[in-house]
Amino acid sequence: DAGVTQSPTHLIKTRGQHVTLRCSPISGHKSVSWYQQVLGQGPQFIFQYYEKEERGRGNFPDRFSARQFPNYSSELNVNALLLGDSALYLCASSLDRTPYNEQFFGPGTRLTVL
Amino acid sequence: GEDVEQSLFLSVREGDSSVINCTYTDSSSTYLYWYKQEPGAGLQLLTYIFSNMDMKQDQRLTVLLNKKDKHLSLRIADTQTGDSAIYFCAESEYGGATNKLIFGTGTLLAVQP
């Protein structure tokens with residue numbers, strides 16, 4: 001079975017641009033979470049979506065938005081990119097939004113903002 | 001507050017035991033986790049412990065939980081060069097609507113042959 005997939009694997013943007021990152025969860029998983037991992041730090045929670053609704057949001061500005069589609073895949077959008085948005089963006093999927101089911105992480109999208 | 005702390009670096013010789021420590025802040029965390037991240041890769045769940053347990057053993061891995069001191073440790077027996085990676089502890093903050101993981105800063109484990 002395929003694990004969590006993310007696209008693209010790498011991306012280079014310039015300041016002020018916007019970016020869309022994509023995530024496909026494991027088949028049957030209805031929850032998708034997004035995390036930002038800046039170099040040298042642990043991942044930081046951005047969003048959790050479950051059944052196509054936002055269920056939680058971390059301490060990130062409104063430039064960050066996301067959505068979940070009927071097939072449970074998800075997009076993360078970041079507008080007006082800043083240098084500080086350079087990071088590895090990780091997507092995780094799980095069966096539901098409780099801690100009783102493991103969150104499986106994808107390989108991430110490496111975003112570089114110049 | 002949300003603050004999970006780990007030591008930054010640990011170096012061991014192949015065959016020795018490794019102990020990675022973590023302190024967390026949320027006493028209501030239901031689960032506590034250890035993840036492994038190899039260079040250029042995502043996160044791999046190694047093991048977890050439920051908050052009402054003191055210890056969990058899984059092959060070469062032993063997790064110890066001291067709830068009173070909010071201290072979590074991961075012991076890797078017979079450490080191999082393939083264990084070289086960054087190890088993150090994480091606590092689960094479950095607010096009824098959201099389950100978010102709060103990660104530590106990570107411990108880089110270097111295994112010397």
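The values are calculated or read from the model by the stated rules, or taken from the named source; none is laboratory data. Here the structure is a predicted model, which is why all the values come from computation and not from measurement. Ideal geometry is used to build each Cβ from the backbone, glycine not excepted, and the neighbour counts take in all protein chains shown.
Kindly indicate whether any position in region B:45-59 is touching a Lys or Arg at 6+ places or on another chain (Cβ under 6 Å) and under 13 Å from B:I102 (Cα atoms).
Looking through region B:45-59, none of the residues is touching a Lys or Arg at 6+ places or on another chain (Cβ under 6 Å) and under 13 Å from B:I102 (Cα atoms).
For residues that are in a loop (DSSP other than H, G, I, E, B), more than 10 Å from chain B (Cβ to nearest Cβ), among the aliphatic types (A, V, I, L, M) and within 20 Å of A:F64 (Cβ to Cβ), tally how many sit in region A:1-52.
Residues flagged as in a loop (DSSP other than H, G, I, E, B), more than 10 Å from chain B (Cβ to nearest Cβ), among the aliphatic types (A, V, I, L, M) and within 20 Å of A:F64 (Cβ to Cβ) within region A:1-52 amount to 2.
Do we find a residue being closer than 30 Å to B:T30 by Cβ, exposed (fewer than 15 other Cβ atoms within 10 Å of the Cβ) and out of contact with any Pro (no Cβ under 9 Å at 6 or more places or on another chain) anywhere in region A:46-56? Lay out the reasoning, then the answer.
Our first condition is that a residue be closer than 30 Å to B:T30 by Cβ; within region A:46-56, this holds for A:46-56.
Subsequent filtering for residues that are exposed (fewer than 15 other Cβ atoms within 10 Å of the Cβ) retains A:51-53.
Filter again for out of contact with any Pro (no Cβ under 9 Å at 6 or more places or on another chain), leaving A:51, A:53.
For region A:46-56, residues closer than 30 Å to B:T30 by Cβ, exposed (fewer than 15 other Cβ atoms within 10 Å of the Cβ) and out of contact with any Pro (no Cβ under 9 Å at 6 or more places or on another chain): present.
Where residues in region B:1-42 are touching a Phe, Trp or Tyr at 6+ places or on another chain (Cβ under 6 Å) and more than 19 Å from B:T62 (Cα to Cα), which of them is modelled with the lowest pLDDT? Ranking the qualifying residues of region B:1-42, first place goes to B:G42.
Which is in contact (Cβ under 8 Å) with a residue 24 or more places away in the chain, in contact with a helix residue (DSSP H, G or I) (Cβ under 8 Å, 6 or more places away or on another chain) and in a strand (DSSP E or B), of A:L111, A:L90?
A:L111
Given the structure, is A:R97 of a type in the set (D, E, K, R) and within 14 Å of chain B (Cβ to nearest Cβ)? First the steps, then the outcome.
Numbers: of a type in the set (D, E, K, R): yes; within 14 Å of chain B (Cβ to nearest Cβ): yes.
Judged against the criteria, A:R97 is a match.
May I ask you to list the residues in region A:91-108 that are surrounded by fewer than 22 Cβ atoms within 10 Å (Cβ to Cβ), under 17 Å from the mean Cα position of the chain (by Cα) and not aliphatic (A, V, I, L, M)? Within region A:91-108, A:D96, A:E102, A:F104, A:P107 meet the criteria.
Tell me which residues, restricted to region A:63-87, are assigned to a loop (DSSP other than H, G, I, E, B) and either at the interface with another protein chain (Cβ under 10 Å from one of its Cβ atoms) or charged (D, E, K, R) (or both).
Residues of region A:63-87 assigned to a loop (DSSP other than H, G, I, E, B): A:63, A:69-73, A:79-82, A:86.
Within region A:63-87, just A:R63 meets the criteria.
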